[in-house]
Amino acid sequence: MNFESILFSRRTRQNHALEHATITILSQRIPELNVAAHSNPNGFIVFGDVDLGELRRAADEALHRLQAGEKELAIHPNCGTNLSVGISLVTLGTLLGMAASERRTRLATAAVSSLAGWAAARPVGEYVQRHFTTLPELQGVRVTSITRRQVMGFTLIDVRTVQE
């Protein structure tokens with residue numbers, strides 16, 4: 001078992017791509033949409049209250065469009081990957097700047113390095129999504145069920161998928 005298969009299994013990456021495409025399509029239909037989502041090997045969970053019929057139509061369209069080759073639907077600008085990459089780059093920039101050899105230039109170097117990390121966050125995050133955290137190859141994947149449940153006052157919607 002390698003590192004990638006532990007954190008980013010094929011099924012999780014496929015479901016992550018489908019999650020992004022579904023949320024993108026749903027957002028186009030419902031401009032005031034305010035949800036978050038998380039993918040796993042069995043599908044994805046939507047955190048927020050959404051009409052199940054609308055969600056099903058968006059998921060079916062997303063699946064069809066990804067299977068037809070619209071790979072860019074798998075990349076989402078608000079993905080947690082972008083946030084994680086951004087935090088990592090800013091932290092790295094700050095640490096490198098603080099490690100500067102001359103004490104009088106440390107703060108300026110840290111600030112410039114941090115800003116460079118922040119500026120690179122979105123393009124690097126999208127690269128990471130494209131190559132590591134999503135996989136828009138969804139031939140043989142289908143949505144099997146969509147169910148709503150309440151957990152401690154929060155609405156969770158389970159979208160289950162299967163690979164045939």
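Just so you know, all these numbers are worked out from the coordinates, no wet-lab data involved. This structure is a prediction, so every number in the text was calculated from the model and none was measured. Methodologically, a virtual Cβ is constructed for each residue, glycine included, from the backbone with ideal geometry; neighbour enumeration extends over all protein chains shown.
General observations
- Maximal additional length on extending the residue 64-residue 52 stretch stands at 2.5 nm, based on 0.36 nm per residue less the C-alpha distance.
- Packing-based exposure ordering (other Cβ within 10 Å, fewest first) of 76, 16: 76, 16
- Estimated inter-spin distance, residue 9 and residue 115, nm [label 7 Å along Cα→Cβ]: 4.5
- Efficiency of FRET from Cβ geometry, residue 104 and residue 28, R₀ 30 Å, rounded to 0.05: 0.05
- Under the simplified labelling scheme, the residue 154-residue 91 pair shows an inter-label distance of 2.2 nm, with each label point 7 Å from Cα along Cα→Cβ.
- For the chain, a simple Cβ point-charge model (Lys and Arg +1, Asp and Glu -1, everything else neutral) yields a dipole of about 400 debye relative to the Cα centre.
- Degrees, to the nearest 10: 10-29 long Cα axis against longest axis of the chain: 80
- Rule-of-thumb Rg ratio for the chain [Cα; 2.2 N^0.38 Å; N residues]: 1.23
- Degrees between helix 80-98 axis and first principal axis of the chain (Cα, 0 to 90, nearest 10): 10
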